[in-house]
Amino acid sequence: MTSVISRLAGAGAVSLLLASCAMPVGGRPAGPVTVPATNPHPGIGDQAGLDRWVMSFRPRALAAGIQPATFDRAMAIARYNPEVIRLDGHQAEFTKPVWEYLDGAVSESRITTGRQKAAQLSSTLASIESRYGVPREVVLAVWGMESNFGANRGRMQIIPSLATLAYDGRRSGFFEEQLVAALRIIQAGDVDAAHMVGSWAGAMGHTQFMPTSFLTHAVDFNRDGRRDIWSDDPTDALASTAAYLARSGWQRGVPWAVEVRLPAGFDFGQVGKAVRKPGAQWAAMGVSRIGGGALPGFTGSILAPTGARGPAFLISENFRAISQYNNSDSYVLGVGVLSDRIAGRAGVQAAWPRGDAQLTGPQRSEIQRRLNALGYDAGEVDGKFGSRTTEAIKAFQRARGVVPDGYATPALLALLRQ
């Protein structure tokens, strides 16, 4: 920690260093580490503040099992980076509609590249699929979504980014946990601090693993002694992604979803991930498969991202497994549809309501605020519509005699304002 100590000269560096050297007996972790909020005013930090924070963080890292030499070597490159604080605080004013998101996620260039990668890596993908049961096209789709098949893995050093965010970010506890995990990865010998690179928020490698996810799911598939998700060889990253999905409940031989047609007058109270029925029960309710054929036999839920005016899907447990990777329904649809297209299957067949005016972030927050004021529990007013907000919208729509499809539009906001 020579670089940090020199920057702290004259500021009690010696006493800070001595205090930071305390370790439990035997050098083992003393138990769960309580992570305090380190900066009550995020976004106003500087290098001197980060240096002091690193010294105060050292005993917590050592108590969590990080060896002093590992900590000192890795944290020697910690530098305050205001850009990651700016990015962490950035909130988009508009939420991209699902069809616009899919237009980018499932572009023709991405489909073409995915098919090329499927051919180039056929043997490796076959082995991964055999081991974990996750179809190669799904693994390829995650790769395409996360880093455009390795082209955009990120070049920022992870240790400085995580240190900055743990010291000066809005979610200091979360990023301190990620920083400890990153140090454990370095300590295990999978990568060194200089070559541990990725995105500004700590996501790493071809399929953008956060450090804690890496520790839980990464595998050394090519058996070279390292779980290497950073190099140009994507083998370990692709296998680690398949392992992640398998451990998240992936079911062999079951599609992630099938597109369906809902009958006229369908009860939209049955739509949503909380309602699960076998395919035969959905068929008995008049739900049919787009393109013909019987509904699959798996137990699943109906998802209608744009309500009664757009496509609907019968989603399986594999949809939920992908959501463990990223909990956005749009993201999971992107992975699913891209995987279908890579494999030569059709994309979404029903038309999206592309002519609908889109809500701004403040308008979405207003909907939540007004629903809460009327006694419908929409949850936190944050402009993000999860299942809680959707169910509140449905309840309001039902009370007002409109189709309770949970789809938020400017017309819904106008109704709430009445």
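Counting only residues at least eight positions apart within a chain, or on another chain, the aspartates and glutamates with an alpha carbon under 19 Å from that of residue 277 are 259, 267, 317, 391, 405. The modelled label-to-label distance between residue 261 and residue 232, using points 7 Å beyond Cα along the C-beta direction, is 5.0 nm. Within the assembled protein chains, the solvent-accessible surface assigned to residue 227 is about 50 Å², based on a 1.4 Å probe.
The alpha-carbon of residue 117 sits under 18 angstrom from the alpha-carbons of these aspartates and glutamates, leaving out residues fewer than 8 places away in its chain: 108, 129, 137, 146, 232, 233, 236, 340. Principal axis extents of the Cα atoms in region 94-186, from largest to smallest and rounded to whole angstrom, are 44, 38, 23.
Each label was represented as a point 7 Å from its Cα along the Cα-to-Cβ direction; for residue 290 and residue 107 these points are 2.3 nm apart.
In the complete set of protein chains, residue-level accessible area for residue 95 is approximately 60 Å², probe 1.4 angstrom.
Using only side-chain charges placed at the Cβ, +1 for Lys and Arg and -1 for Asp and Glu, the dipole size of region 92-219 relative to its Cα centre rounds to 240 debye.
Rounded to the nearest 0.05, what FRET efficiency is calculated for residue 46 and residue 400 with R0 set to 56 Å and r the Cβ-Cβ distance? Working shown, then result.
Numbers: r = 53 Å, r/R0 = 0.94.
My answer for the efficiency is 0.60.
Angle of helix 387-399 to the longest C-alpha principal axis of the chain, folded into 0 to 90 degrees and rounded to 10: 30°.
Over the chain, what is the relative contact order in whole percent, taking alpha-carbon pairs under 8 Å and six or more residues apart?
The value is 14 percent.
For region 85-193, the list of GluC sites (Glu not before Pro) that fall in a loop by DSSP and count at most 15 other C-beta atoms within 10 angstrom reads 93.
How charged is the neighbourhood of residue 192? Take every other residue with its Cβ under 14 Å from the Cβ of residue 192, and add Lys/Arg as +1 and Asp/Glu as -1.
Numbers: positive: 73, 184, 226, 227; negative: 72, 190, 228.
Here the charged neighbours net out to +1.
Against the chain, whose longest principal axis is taken from its Cα atoms, helix 235-247 shows a tilt of about 60°. Partners of residue 273 within straight-line reach, counting lysines whose Cα lies under 19 Å from its Cα and excluding those fewer than 8 residues away in the same chain: 384, 394. So for region 224-350, averaging the separation of alpha carbon pairs under 8 Å that are six or more residues apart and normalising by length, what relative contact order in percent results? For region 224-350, the relative contact order is 27 percent. Estimated at 0.36 nm per residue, the fully extended path between residue 122 and residue 72 surpasses their Cα-Cα distance by 13.8 nm. Classify region 55-213 from the C-alpha gyration tensor, please: rounded if a/c falls under 1.5, else prolate or oblate depending on whether a/b exceeds b/c. Cα axes put region 55-213 in the oblate bin. Relative to the longest principal axis of the chain, what angle (0 to 90°, nearest 10) does the C-alpha long axis of helix 136-147 take? Once rounded, the angle reads 60 degrees.
Rounded to the nearest 20 Debye, what is the dipole magnitude of region 349-409 about its Cα centre when Lys and Arg each give +1 and Asp and Glu each give -1 at the C-beta?
Values: 9 positive and 7 negative charges, 22 e Å.
Computed about the Cα centre, the dipole is about 100 debye.
Between the C-alpha center of region 329-405 and that of region 158-215 there is a gap of 32 Å. Kirkwood hydrodynamic radius computed over the chain comes to 23.8 Å, based on all pairs of distinct alpha carbons.
First select every other residue whose beta carbon is under 13 angstrom from the beta carbon of residue 373; then total the charges, Lys and Arg +1, Asp and Glu -1. Summing Lys/Arg as +1 and Asp/Glu as -1 gives +1. Taking a sphere under 10 Å around the Cβ of residue 343 and counting the other residues whose Cβ falls inside, with K and R at +1 and D and E at -1, yields a net charge of +2.
Only DSSP H runs of four or more residues enter the estimate; each adds -39500 (n - 2.57), and after division by the residues of the chain the mean residue ellipticity at 222 nm equals -14500 deg cm²/dmol. Note on the chain: dipole from Cβ charges, positive end direction compared against 66, 255, 402; the farthest Cα belongs to 402.
In a DSSP loop and with at most 16 other Cβ atoms within 10 Å, the GluC sites (Glu not before Pro) in region 319-418 are 380.
The values are calculated or read from the model by the stated rules, or taken from the named source; none is laboratory data. If you're wondering where the values come from, they're calculated on a predicted model, not measured in any experiment. So basically every Cβ, Gly included, is an ideal-geometry build from the backbone, and we count neighbours across all protein chains shown. To get the accessible areas, we keep the full protein, side chains included, count just its heavy atoms, and leave off ligands, DNA and RNA. Shrake-Rupley method; radii C 1.70, N 1.55, O 1.52, S 1.80 Å.
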